[in-house]
1. Residues with beta-carbon under 13 Å from that of Glu225, excluding Glu225: net charge, scoring Lys, Arg +1 and Asp, Glu -1?
2. Which of the peptides 88-95, 252-259 is most tightly packed, and how do the rest follow, going by the mean number of other Cβ atoms within 10 Å of each residue?
3. Carbon-plus-sulfur fraction of the accessible area of the range 17-92, 1.4 Å probe, in percent?
4. Per residue, how much space in cubic angstrom lies within the convex hull of the C-alpha atoms of the range 87-180?
5. What does the convex hull of the alpha-carbon atoms of the range 17-92 project to on average, in nm²?
6. Please compute the length gained on full extension between Glu84 and Leu131, using 0.36 nm multiplied by the number of residues separating them and subtracting their Cα-Cα distance.
7. Looking at the range 83-124, I'd like the Rg to Rh ratio, where Rg is from alpha-carbon atoms and Rh is Kirkwood's inverse mean 1/r.
8. What is the sum of charges, Lys and Arg at +1 and Asp and Glu at -1, for the other residues whose Cβ falls under 15 Å from the Cβ of Pro97?
Amino acid sequence: MPRGRDVSNSCCLPLHLNEDNARFGLLAALILLYLLCGAVVFSALEHPSELQAHRHWDEQLANFTEQNSINLKSLEVLLKQYEEAFATGIRVDKLRPRWDFSGAFYFVATVVSTIGFGMTTPVTIAGKIFLIFYGLIGCAATILFFNLFLERIITMLAYIMRWCHERQLRRSGMGGEEARSEDDSLEGWKPSVYYVMLILGIAALLIACSASALYSAMEEWDYFESLYFCFVAFSTIGFGDVVSSQREFYKAQEAYRLGNCLFILMGVCCIYSLFNVISIIIKQTLNWILGKLECSRAQCPCRGRPYRRRGRVCCSAGKRFTNASVETVCDSETDRRLSGEMISVNDFMTNKVSLAILQKQLSETAHGNPRQSHVRQNGFSGGVGAFAIMNNRLQETSVDR
């Protein structure tokens, strides 16, 4: 083995959790901080409006009972009865039937897509029991559909990006020996995940803007409110405060309802795919933060990559150790990039990093390389994003057995 300085001379810091647990803990802490910040902002923005609405309602109620000589208690009983009727779909303004076939189809679509607007809910015991089992299977199948859709989107984008790259090489005027090296240049080329994120973001924005124009015309919403509905629906948040296609009659009603369903389907697929890509970049950011925290906590003067030794992470100047118990996190720059481990700020900002599974699949698809044969052993396919992580874990467990 190559000679190097002994491990005991390197600065080390204890690692109580493995890297996955450390990343999970950091993500949980950041999400909690994100929630606290969000609560502060929304409370500052919305709480004054809530207090004003309460005061306005109390004034309206007092004026109405005084002008019409109505007992306040009797009016409150009537309002409570209306709230109960409201839950079954009864409104003052006449709306479309909730539980005819088209209304029921709209309901089950919001269930399996996990949007759940909430304007229609089952009220019978039998309906609620059936919803539990129906949603259990339907939501799982829809998540599978979204993952397979993402996989096909990545395949399509990889081929398009490879075609653009080949065209750019031809335009550069390669000839002679450069022409013969074109295949080598393409073989080493990797399509960027950042470009995939940009393309998905633009696609989602175009769908949202087009859908908002439709909703503004058909629902008589202002354009910003239509954009708000598109994000809430496409991201499957589904508040239900603003819901499309609820009136009893529309101009070109059947065409509008078909367009509404298609826009929501395309928007949900694009936003889901975009969320998966963004989550990979967040993971890379967490890895970088963890690396910085570990080195700063240990007051490590070196800038080498982290090394693992029996539950301890050691920083070195990048040299290999003679001790056989020392295991490098990544043996080479290529392995480090393909493994999705910690990245440098320079690599992150200059877009040189292969981002985990998605980047690897982009590269394989662009070069037309089939997936490794072991990926489908024991019935576990590769997949993308969280789906890929689960399948990889299952496949590794099965192989170990």
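1. Working: positive: none; negative: Glu219, Glu220, Asp222, Asp241.
That sum, taken over residues with Cβ under 13 Å, equals -4.
2. Working: 88-95: 11.1, 252-259: 13.9.
The peptides rank, most packed first, as 252-259, 88-95.
3. Working: 4110 of 6300 Å².
About 65 percent, which is the carbon plus sulfur part of the accessible surface.
4. Values: hull volume 13.3 nm³, N = 94.
Here the figure is 142 Å³ per residue.
5. Numbers: hull surface 36.0 nm².
For the Cα atoms of the range 17-92, the hull's average projected area reads 9.0 nm².
6. Working: separation 47, 0.36 × 47 = 16.92 nm, distance 2.04 nm.
That works out to 14.9 nm of additional length.
7. Details: Rg = 10.4 Å, Rh = 10.9 Å.
Over the Cα atoms of the range 83-124, Rg/Rh equals 0.96.
8. Numbers: positive: Arg91, Lys94, Arg96, Arg98, Arg247, Arg257; negative: Asp93, Asp100, Glu248.
Net local charge, Pro97 excluded: +3.
The values are calculated or read from the model by the stated rules, or taken from the named source; none is laboratory data. All of these numbers come straight from a predicted model, not from anything done at the bench. Note that each Cβ is placed from the backbone with ideal geometry, even for glycine, and that neighbours are counted across all protein chains shown. The area values use the complete protein model at the heavy-atom level, side chains included, leaving out ligands, DNA and RNA. Shrake-Rupley method; radii C 1.70, N 1.55, O 1.52, S 1.80 Å.
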